[in-house]
1. Please list, in chain and number order, the residues 5+ apart from residue 37 or on another chain whose amide H is under 5 Å from its amide H, with Hs placed from the backbone.
2. With charges only on Cβ, +1 for K and R and -1 for D and E, what is the dipole size of the range 188-357 about its Cα centre, in debye, rounded to 20?
3. Say each of residue 181 and residue 352 gets a label point 7 Å from the Cα, pointing the same way as Cα to Cβ; how far apart are those two points in nm?
4. Counting Lys and Arg as +1 and Asp and Glu as -1, each charge on the Cβ, what is the dipole of the chain about the Cα centre in debye, to the nearest 20?
5. How large is the Rg to Rh ratio of the range 230-384 when both quantities use alpha carbon positions and Rh follows Kirkwood?
6. If you find the alpha carbon centre of the range 6-79 and of the range 302-331, how far apart are they in angstrom?
7. Using the alpha-carbon atoms, what tilt in degrees (0 to 90, nearest 10) does helix 214-227 show relative to the longest principal axis of the chain?
8. Treat each spin label as a single point 7 Å out from the Cα along the C-beta direction, and report the residue 106 to residue 215 distance in nm.
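The values are calculated or read from the model by the stated rules, or taken from the named source; none is laboratory data. No experiment lies behind these values; they were computed from the predicted model shown. Heads up, the Cβs are rebuilt from the backbone with ideal geometry, glycines too, and the neighbour counts pull from every protein chain shown. Please note that ligands, DNA and RNA were not included when accessible areas were found on the heavy atoms of the full protein model with its side chains. Shrake-Rupley method; radii C 1.70, N 1.55, O 1.52, S 1.80 Å.
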Amino acid sequence: MNIGIVCYPTYGGSGVLATELGIALGEKGHKVHFISSSLPARLNNTFYDNVYFHEVRNMEYPLFEYSPYETALSSKLVDVITYEKLDILHVHYAVPHASAAYMTKQILKTKGIHIPVITTLHGTDITLVGNDASYAPVVEFSINMSDGVTAVSESLKNDTLDRFNITDEIEVIYNFIDNNKFYRQFNPALKARYGDPEDKFLVHVSNFRPVKRVLDVLKTFELVHETYPNVKLLMIGDGPERHKLEEYCRAKGLCNHIHFLGKKDSISTLLSICDVFLMPSAKESFGLAALEAMACGVPVVSSNVGGIPEVNINGKTGFVHELGDISGMAISVNKLIGNQATWDAFSQYCINFSKEFDITNIVPQYEAYYNRIRQATLDSVMAV
Ligand code: GMT
């Protein structure tokens, strides 16, 4: 199949998932065209078979306070779909990709081209941004106008049905990981860069947005540190809340125990030197970062919001807590790092459970869905 994928190019989970999906589809022999404002981070200038990139150039003009990206994207999509003869368009994150896809579809229809559009809902496009009155009517309309809609968890599907008036079925296709890339590969020399062999490492990975509640990570760490002075914290990623974290750890005299590593492309080796992953998010449709940690044998202590409990199975892969329950999360971390046999059992369960979300199980679900939606579009065109 000749597939177009629209996504955000940055380090957000939706862009990561879309890029990994496109690479996997390319490996399976499909032709994949990424259409985005810049090269998606995980494409990384590496050459991947059957994978192409089309940059959306957004024109500056003195009249524009904000350049209309959605218009530039739709125009680019018309061009790519027409000249690359795409069979299907798959857009990730509804805002504004689903409405740009709708506009594209309407333009192409006038030229006799009928492109099926699939929208994948990722999380904040429903629970935070898309739900805001400034976007909601457009989001609802463009979801309903998509030929197929998928959500990355049951929780996100239910959130979408609760918040919007949705007329069609939403298919749940979970996030995935490649267990050949994410697996425990313990490297003592890497651990030695950040601490001593007997130290325990907590880790957090995100884009440090308010929704991630990164200060809860530090406060949980602070409590754990009172019981286990040999604990360290690795903070991977970057974003708007970072300055608050740095101020907090300076004020509390914790800086010697916390390492801010910034954005990292290949984190499997870093995760593998860690003992517990912290995810105290206020909203989380799935928690791809937690799944990546689990695949590396790292148990997860998290909040119980959104789709997290579908991934982090309480008492098996880690522990889930009410939002903001810092002392509860610290107690759970202590249980895990304070008893080797407990940690071993959780770690092994994480590795086994993560395999249910392996790329080889999930990508065929997307392929089957593409075929179904494409056939339905062909049938409806033939029926006219
Ligand atoms: O919050 C992020 O890290 C980015 C965000 C996005 O849409 O780019 O991630 C969302 O999509 C991921 C992939 O489907 C999910 O694993 C994350 O749970 C989800 N984030 C939220 O719902 C806050």
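1. Placed amide hydrogens put 56 under 5 Å from residue 37.
2. Charge dipole of the range 188-357: 280 debye, to the nearest 20.
3. Simple spin-label model gives 2.7 nm for this pair.
4. 540 debye
5. Result: Rg/Rh = 1.10.
6. One Cα centre to the other: 34 Å.
7. 20 degrees
8. 4.4 nm
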